[in-house]
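Novice: Take a look at the following structure, please.
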Amino acid sequence: MAALSEAPFFSSKPHSTNLPPTKFHTFPSKPISLTFRSTYTPCFANASPSLPQDPDPGTDSDPDPTRDRRRIVRVAWEKIVRWSRSWRSKANTDVLQRTNKVVVLGGGSFGTAMAAHVANRKAELEVIMLVRDPQVCLSINERHCNCKYFPDHRLPENVVATMDAKSALLGADYCLHAVPVQFSASFLESVAEYVDPGLPFISLSKGLELNTLRMMAQIIPHALRNPRQPFVALSGPSFALELMDKLPTAMVVASKDKKLANTVQQLLASSHLRISTSSDVTGVEIAGALKNVLAIAAGIVEGMNLGNNSMAALVSQGCSEIRWLATKMGAKPTTITGLSGTGDIMLTCFVNLSRNRTVGVRLGSGEKLENILSSMNQVAEGVSTAGAVIALAQKYNVKLPVLTAVARIIDNELTPKKAVFELMSLPQVILTLLRTILVLYRVYEFD
């Protein structure tokens, strides 16, 4: 068999055979017409072009490559659709049916968008938003809108706001945590007595705690004084406004508990929100935190009008820096290049709806940071995260030129113009050298 597989199908050399030689007789007065069976026609036609063949009226002698390509694409798409329908038919809807109450901690834009999304999944579902602003609470309950963030979007009737933590958390099946990272610990400590030890927390917050360098996977259990509190991180490229408008969106839920991740996937997934699952909590959270700092850098490039070339160079370098640090912390490289990593980076760095990018644009235009922050009604997590990122990089001995420059600009110790000059003046070999060191470290680590 090996000899057959290695030999070419068609060969100019004569094939050896045990059959007796065939004798051909020539009749000059009558030309010979050799006709072969249709099943062998393509093979022999290519092998012996000198032999004439009778045209088969049922065969297309001039195939259309465009038609063949379209047929291949159509068949491939039909296979995908059949596979998708098969999985949907097996989808488990018990989670949504069993869920009676979901509490959302925080009345910001993303918390509001997720509250509306969950409420639309089931009309009988009780969705309680725990807010601290009396005006927001009143507008949600009386006018069914968040007057501060979405005054023109009507919320579902089953979304109710309250300022009473005890009543909000009582009997909840799931908790969506949408409080900014820097305020999460103190807030959770104040409501810990009302939290059931088995209540799953789905974190919507992205960032690092400034003084402790902790992510939400560490902050929530510690603040609630329950190391076994069920935890899921929700992340990915998603603007609250587009969620409210029910535009197609894809996100990732990450948990060390695979069953819990699948459960939250079934709770949140809908016709316009696609949810993937992951076990890489560290990768999903650190990518969500670092991309905010990179978005400020991208905004600075835009504000300084440095052009598309520099934007592409900066973001690609920033992606490498995020990957270096994340993998040192134990994250999977595939997570960083996936939806919650590169996907979120692309959205935050290139789209004007990004709060962190907006901060960067205004910094690059020459505005002072304090004036920028005082004029915003939303939190730009990248501002507070930048310093924590650099402390984390020092802890893991990773050099991050772009993210460090952002932290220096935010601390008012470096101007954007000077930062660009310093970054462009870095030794040409530094990036290659850093990558080599990282590869050698991995080889040594796993050797």
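The values are calculated or read from the model by the stated rules, or taken from the named source; none is laboratory data. All of these numbers come straight from a predicted model, not from anything done at the bench. Cβ placement follows ideal geometry from the backbone for every residue including glycine, while neighbour counts extend to all protein chains displayed. Please note that ligands, DNA and RNA were not included when accessible areas were found on the heavy atoms of the full protein model with its side chains. Shrake-Rupley method; radii C 1.70, N 1.55, O 1.52, S 1.80 Å.
Novice: For segment 325-341, does any single residue satisfy the condition of being among the hydrophobic types (A, V, I, L, M, F, W, C) and not in a helix (DSSP H, G or I)?
Specialist: First, the residues of segment 325-341 that are among the hydrophobic types (A, V, I, L, M, F, W, C): 325-326, 329, 331, 336, 339.
Checking the rest, the ones that are also not in a helix (DSSP H, G or I) come to 329, 331.
Scanning segment 325-341, I find at least one residue that is among the hydrophobic types (A, V, I, L, M, F, W, C) and not in a helix (DSSP H, G or I), so the answer is yes.
Novice: Could you tell me which of the residues A254, A217, A233 is at negative phi, open to solvent by less than 50 Å² (accessible area, probe 1.4 Å), under 17 Å from the mean Cα position of the chain (by Cα) and touching a residue at least 60 places away in the same chain (Cβ under 8 Å)? Give the steps one after another, and end with the answer.
Specialist: Working: A217 fails: under 17 Å from the mean Cα position of the chain (by Cα); A233 fails: touching a residue at least 60 places away in the same chain (Cβ under 8 Å).
Step by step, each of A254, A217, A233 is checked, and only A254 is at negative phi, open to solvent by less than 50 Å² (accessible area, probe 1.4 Å), under 17 Å from the mean Cα position of the chain (by Cα) and touching a residue at least 60 places away in the same chain (Cβ under 8 Å).
Novice: Across segment 390-427, which residue is most open to solvent (accessible area, probe 1.4 Å) among those that are over 20 Å from V359 (Cα atoms) and of a type in the set (K, R)?
Specialist: K395
Novice: Here is a follow-up. Conditions: (1) open to solvent by 20 Å² or more (accessible area, probe 1.4 Å); (2) not assigned by the TED database to the domain that holds M424. L273 meets all but one. Number of the miss?
Specialist: Here L273 clears every test but (1).
Novice: Name the one entry in V131, V181 that is in contact with a helix residue (DSSP H, G or I) (Cβ under 7 Å, 6 or more places away or on another chain) and modelled with pLDDT under 95. Walk me through it before giving the result.
Specialist: Values: V131 fails: modelled with pLDDT under 95.
Result: V181 is the single residue among V131, V181 that is in contact with a helix residue (DSSP H, G or I) (Cβ under 7 Å, 6 or more places away or on another chain) and modelled with pLDDT under 95.
Novice: Working carefully through the options V81, V75, V131, find the one that is in the same structural domain as P200 (by the TED database) and among the β-branched types (V, I, T).
Specialist: On the way: V81 fails: in the same structural domain as P200 (by the TED database); V75 fails: in the same structural domain as P200 (by the TED database).
That would be V131, the only listed residue that is in the same structural domain as P200 (by the TED database) and among the β-branched types (V, I, T).
Novice: Do you know which of the residues in segment 115-128 that are more than 14 Å from A172 (Cβ to Cβ) and in contact with a helix residue (DSSP H, G or I) (Cβ under 7 Å, 6 or more places away or on another chain) is most open to solvent (accessible area, probe 1.4 Å)?
Specialist: R121
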